[in-house]
Structures are given as structure tokens and as C-alpha cells.
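Worksheet for the structure shown next.
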Amino acid sequence: MTAFSLEPAQLAWCAELRALAAERLRPLAEKGEPGRVNRALLAELGTLGLLPRLFTSGALDLCLMRESLAHACTEAETALALQGLGAHPVHAHGTEAQRTRWLPRVSDGSAVAAFALSEPDAGSDAAALTLAAAPDTDRAGAGGPGAQPSPVPTPLAAHRDGPSAWRLTGEKCWISNAPEADFYTVFARTTPGAGARGVTAFLVPADRPGLTGTPLDMLSPHPIGALSFDAVPVTADDVLGEPDRGFRVAMGTLNLFRPSVGAFAVGMAQAALDATLAHTTAREAFGGRLRDLQTVAHQTAEMALRTEAARLMVYAAATAYDEGAPDVPRRSAMAKLLATETAQYVVDRAVQLHGARALRRGHLLEHLYREVRAPRVYEGASEVQRGIIAKELYRTLDATTEEAGS
């Protein structure tokens, strides 16, 4: 299979997903309260077997799920994606105990996951985060909050020097599903002054003492909030991966999910394009159908062209990830950048061609117009993606030059 054509079974699966999203997920989404976790919607995603696929599918399948769901129900798509984003580090880097405790509950929708990377002063520059993980020598060797200290070190602590318990102090901000998540993948600084090399990933249950959250009133249908850590206790049993190597956990997760953010955007763009084709066919204007005006026809052609180009780049990036290609960071950034910028353009053009009716509360395009803006910011703003692309291009050039000169 190539990245540029889907097998008949994949096309049929996408059609099935679009139908399920329209018939079973959208009604639940419409009953949800904006800015709150829709647990009924999550449970249905689990019942349909879509949440478990987050941990058994490759990047391309993830993109097909997100694109198909977004076409008919953006709320369902986002609920699925946030479960994957928050829980993927547990799936990929967690201990057996961590996976056993949380992944079945994420898969059936009974536990809400969240990815806590951004901070008030460390959003685009994630390596500058300051949430401090200070060694807690009084609890070193403890098995978790409330456990008694043990003279026997945890398995992780037994294989490295340094503390086996910490206290997290600081803030996180712009965290999707906060403050309603049941657990957070939290990135904290364990080695001051070490940049990206001094960050550790922790799995932090929401009921840990000292952890509180505040909802933020955002242009978003799902909850986004701030988290405050007041000496929150964590131990080596809560570490995801290895101490001081949490930035790899974060970037590995983002490299997987960035193309699928692009898929989400492509799904929205396709929905806007489909609505525009239907509207310009039915709408009478200037003595004929709107679609017969050359200026309208050319705009719809441009919308279709950009949407398909973005789709192909998303599929190519996802296939590269699945094949373990060396240029995944560049491809992921390109896919996310092109698709989100394209979706913004396509939805905006669709609103223009629909006129005032598209701005009425409850219209599909009014909904998409609000939804399409955020993906250009989260998981790395468009400017960050351009920086990643340039860095990878020059890194490849420098490596090639060095190899040729040796």
C-alpha cells in the first residue's frame, strides 16, 4: 500500500465511521455541556471499539479515524484524540502496573486522560518549562502517596543514581480535559538548567494531594484548564520512561499525533467543502445557480485542491511514522502545518460563499469556524512547525555535507 491510495477495506471503514459519527455520536455530543467532559460520549466511543484502537492502530489508522469522525462530529473526534494524547505516553512508556491500572479504563471511556505539557510561560518553547520536581528525600523508596518508606528501592531507583521520590511545584496551563481528567501525563523539570535534557514525565492521578485545577473560559467545546501543583508527591513508580528523558516522551507523542491533528483539520475542511458544493448547487443567484458563476466555481476548485493536497501530506506523514522513517519530525510538522492552515482557508471560504446564514448560531459552518482556529495553535503553533521543518532541513544538509567531506 502506498501513502496515496487507500485500500477498499479502508475506504469502507471510513464510510462506516462517518455514519456512526452522524447516527450515534453526534446526538450524544449535542446533549453535552460546552466546556465539560462528555462522559456519555466517551463511553459510546469505548462501546464502538474506537478508544481501544488508539493503542492497537498505527498512525495512518489514527488519521483515518480522526478525519472520518471530524467530518460528522468534531466533538467525538476531539474526545477520542484527547484520550489518545493523554494516554499514549502510558501505553508507550508506562510500567506494567501503570498500563494495567489505566489503559483498560481509558479504552472503555471510564477514565479521562490529559497531556499536561504547556505552562503559562512555556508553551511553544516546551523545553523551557519550569514545573519543578524537587527531590523528596523523606519519601525516597516509597511506593506512592500514603505508603510507608521502605529500605528496598523501587526497580527504577535501583538502576540509577538520584532520588526515587519528588515533590511537584508549579503550574500548567491550557491543558485540555483539565481540571476534569482522572489522570495527567505531566512533564516536570528534574534537573535545573539542563533544558530539554532535564525533564521527566510523570503519571499523576487527579486525586493526588496538592493538585488542584481551574477551568478556563476558552473558545472550545471541550474543557481546557490550568493546574496548580503544591508539593504534589510522586515517586519512581509514577515515572513514564526514564528520569530526565521525559522530553523524548513528549516529542515522541507529538510526532505521532501531529499528523492526526492534520487529519482532524482535513475532516473539517472536507465537511466545509461538501456543504459548499451542496449550497452552491441549490442556491439561485443572478439568474442561475450559484455554482455556474465562474468566480464561485474557481473558489470551490481551489478549496478542493488544497484539501486533497493536505490529505495526501497527512497520509504520507502517517505512513512514514508507521514505517519508522528517519524524517518523521519534518513530515509530521509539514502535515500539521499544511492541513491546519488549509482547513482555516477552506472553512473561511465556505462561510463567505454561504453568506450570512453561515454565521447563525447552530449552522454547521458557524460551528466549524469556531473549531478550526485552535488546531493552528495547539501541539505546536504554525510558527513552531515552520521552525521544526527548517531545523530538520538544515540538520540533514549538515549531515550530508559532513559525510561527503569525510
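Looking at this structure, is L62 assigned to a helix (DSSP H, G or I), surrounded by fewer than 24 Cβ atoms within 10 Å (Cβ to Cβ) and among the aliphatic types (A, V, I, L, M)? If you could, list the steps in order and put the result at the bottom.
Details: assigned to a helix (DSSP H, G or I): yes; surrounded by fewer than 24 Cβ atoms within 10 Å (Cβ to Cβ): no; among the aliphatic types (A, V, I, L, M): yes.
Answer is no for this residue.
Which one of these is surrounded by 12 or more Cβ atoms within 10 Å (Cβ to Cβ) and not assigned by TED's automatic domain parsing to the domain that holds A318: A15, A21? Explain how you work it out, then say what you get.
Working: A15 fails: surrounded by 12 or more Cβ atoms within 10 Å (Cβ to Cβ).
Going through A15, A21 in turn, the sole match is A21.
Filter the range 33-48 down to residues that are surrounded by fewer than 19 Cβ atoms within 10 Å (Cβ to Cβ) and over 15 Å from A21 (Cα atoms), then give me how many there are.
The qualifying residues number 5.
Assess whether V347 counts as being touching a residue at least 40 places away in the same chain (Cβ under 8 Å), farther than 15 Å from M268 by Cβ, assigned by TED's automatic domain parsing to the domain that holds P259 and touching a Phe, Trp or Tyr at 6+ places or on another chain (Cβ under 6 Å). Working first, answer last.
Details: touching a residue at least 40 places away in the same chain (Cβ under 8 Å): yes; farther than 15 Å from M268 by Cβ: no; assigned by TED's automatic domain parsing to the domain that holds P259: yes; touching a Phe, Trp or Tyr at 6+ places or on another chain (Cβ under 6 Å): yes.
No.
Limited to the range 104-127, what total is found for residues that are surrounded by fewer than 20 Cβ atoms within 10 Å (Cβ to Cβ), in contact (Cβ under 8 Å) with a residue 24 or more places away in the chain and not basic (K, R)?
7
The values are calculated or read from the model by the stated rules, or taken from the named source; none is laboratory data. Remember, it's a predicted structure, so these values are computed and weren't measured experimentally. FYI the Cβ positions are ideal-geometry reconstructions off the backbone, even for glycines, and counts take in every protein chain you see.
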